[in-house]
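The values are calculated or read from the model by the stated rules, or taken from the named source; none is laboratory data. Worth saying up front: this structure is predicted, and the values here are computed from it rather than measured. Don't worry about glycine lacking a Cβ; one is built from the backbone with ideal geometry, like all the others, and counts go over all protein chains shown.
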Amino acid sequence: MDQKPNFEEREPRDVSGEVIETRRILNTVLEGIPDPMFVLNQDMKIVMANNAVRKYYGASPESELLNLPCYEALMKRNAPCANCRVQDALKHTEYMCYERDGLLDPETREQVTICPAAAPDSSQKYVSVRVNDITDARKMDSELAHADRMINMGVLLSGMAHEINNPNSFIMLNAQLLEKSFKSILPILETYYEENGEFSIGGLPYTEMRKEIPDLLEGVRKSAMRIKQIISDVKNFAGKEEGNVKDSVDINQVIQDAVRLTRKLITDTTDHFSVDLAENLPYIRGNRQAIEQVIVNLIQNACQAIEERHQSLSITSAFLEDNNSVQIEVKDQGKGISQENRNDIMDPFFTTRRETGGTGLGLSTSLNTVRNHGGTIKVDSREGEGAGFRIVLPLSSSISPVNVLIADDDPASRKIIRLILDKTGRFDFREAESGADALIQMGQDPPDLLILDIHMPDIDGYEVCRILRNNTELSRVQIIVITGLVNTAKAEKILELDYENILEKPVNRDELLKTVYSVLEDGL
């Protein structure tokens, strides 16, 4: 008797449940992607989309996006967009990745990734589309590429300077020797001319050459000196900042030394020169010699711009309390800078004095020096009305950096606050996107100063203030509240907690700095 096969009894698979679970997982993954991302079928209808899509396109809720063509749901069009690459990706099942100017903001740069896939055991095709903002990345790439070019240029220029310097030294020394030699034999040539009459030197009459040869030799010597100066400027531009940039520097003394070095040039140029130095000017942290060379360069440029002796040249120093820094200004009443040249004067090798020996490296080198000290150079000039160069350098201070926590759910607001305060060089920053995040960070490492928005997710600004006020360890934290709704009940409750520093959005730079420094003086 044949034995019948023994079939095990199995429970039926809950396929619908698996599909629902899979879709839930996919939705979770999709929502975890911060960039706009959506999935289309072969009819270009949206089958899935994350929340970033709706924010990016300003589109309707997902229930109204699904099963609509992407061009209708996202772009409000009746037909596919011109040159639509999604259609090509679906047609050829081809992966695509390309860059474009921002669809909604042409000032940004975006990367679009299109990834097609065919459903298993089905003729249906799908494609995922992801839009990634790469503006900052491309800007960084550009800056790195520029830095790399500058490094390569530095290596090249250093080598060229060395190779040119050797033959130029030979020319310069021998030009001086030839000048002396001609002067020594000139009496002999004169005697020969008086006894024998005109004769030729190098095919030209002696009476002509006795005037030309000294000028020619002097021209050779001066040209060699010019080459030497160009080589020096090139080496300074190509070389790294030398010396200690952490010494305490008396800026007033540096200005006086720079004036002493250029005194003859100044007196030969103008009858109206003045120096006005601020009293009790704090020291800055930097390289004394490098800063002195910057001031010398600016004085030389000012003297070269002055065309009449009645035009003035002035140098001043000042302490800028608003950003805790020292300012040096070199101002002249010379010919000024034309509009077309104003944006180029700091570029390497740009000069309007090429024919008189300018290399275009003085201001560029000065800019690099000032930047190495964490400072800035600003130019104020109009053609025919003189020019003013203002150098701002951060102070040398023994005060430890102030730890600041910025709690705001708006990234743009956090960025503005950082930009305002970061220029002072006195702060270390952390950021929090919500009240809960701020409390967690303060529990781990209390800041010196909390800059706080009121209306935030989960725990708002008032609750943060109330919790801090009732916490012994955190009650010492100084708080500045910045909100778009100053006259509200929650703002009044914060005032009742004795947190009096409440500013209104959009925050004013001067008001914020004044408030911050007031808090620092009172509580830090």
| request: Go through segment 499-516 and give me each residue that's part of a loop (DSSP other than H, G, I, E, B) and not hydroxyl-bearing (Ser, Thr, Tyr). | output: GLU500, ASN501, LYS505, PRO506, VAL507, ASN508
| When you go through (1) out of contact with any strand residue (DSSP E or B) (no Cβ under 9 Å at 6 or more places or on another chain); (2) more than 30 Å from TYR517 (Cα to Cα) one by one for ALA302, which number turns out not to apply? | (1)
| note | Residues of segment 92-106 being under 16 Å from TYR126 (Cα atoms) and either in a loop (DSSP other than H, G, I, E, B) or modelled with pLDDT of 80 or more (or both), in sequence order, are THR93, GLU94, TYR95, MET96
| query | Looking at this structure, is ASN252 at pLDDT below 90 and either under 30 Å from GLN327 (Cα atoms) or loosely packed, with under 13 Cβ neighbours inside 10 Å (or both)? | reply | no
| Tell me, which strands (runs of 3 or more DSSP E) wholly within segment 263-330 include 3 or more residues that are closer than 30 Å to ILE420 by Cα? | 284-286, 312-320
| query | Of all residues in segment 181-213, how many are in contact with an Asp or Glu (Cβ under 7 Å, 6 or more places away or on another chain) and assigned to a helix (DSSP H, G or I)? | reply | 2
| When you go through VAL53, VAL29, VAL86 one by one, which is the residue that is free of Cβ contacts under 8 Å to residues at least 12 places away in the same chain and assigned to a helix (DSSP H, G or I)? | VAL29
| remark: When (1) within 21 Å of the chain's Cα centre (by Cα); (2) under 18 Å from ARG509 (Cβ atoms); (3) touching a residue at least 12 places away in the same chain (Cβ under 8 Å) are applied to LYS415, the one that fails is (3)
| task | Inspect all residues belonging to segment 428-445 and state whether any of them is over 26 Å from ASN324 (Cβ atoms), in contact (Cβ under 8 Å) with a residue 40 or more places away in the chain, not polar (S, T, N, Q) and not assigned by TED's automatic domain parsing to the domain that holds ARG285. | result | no
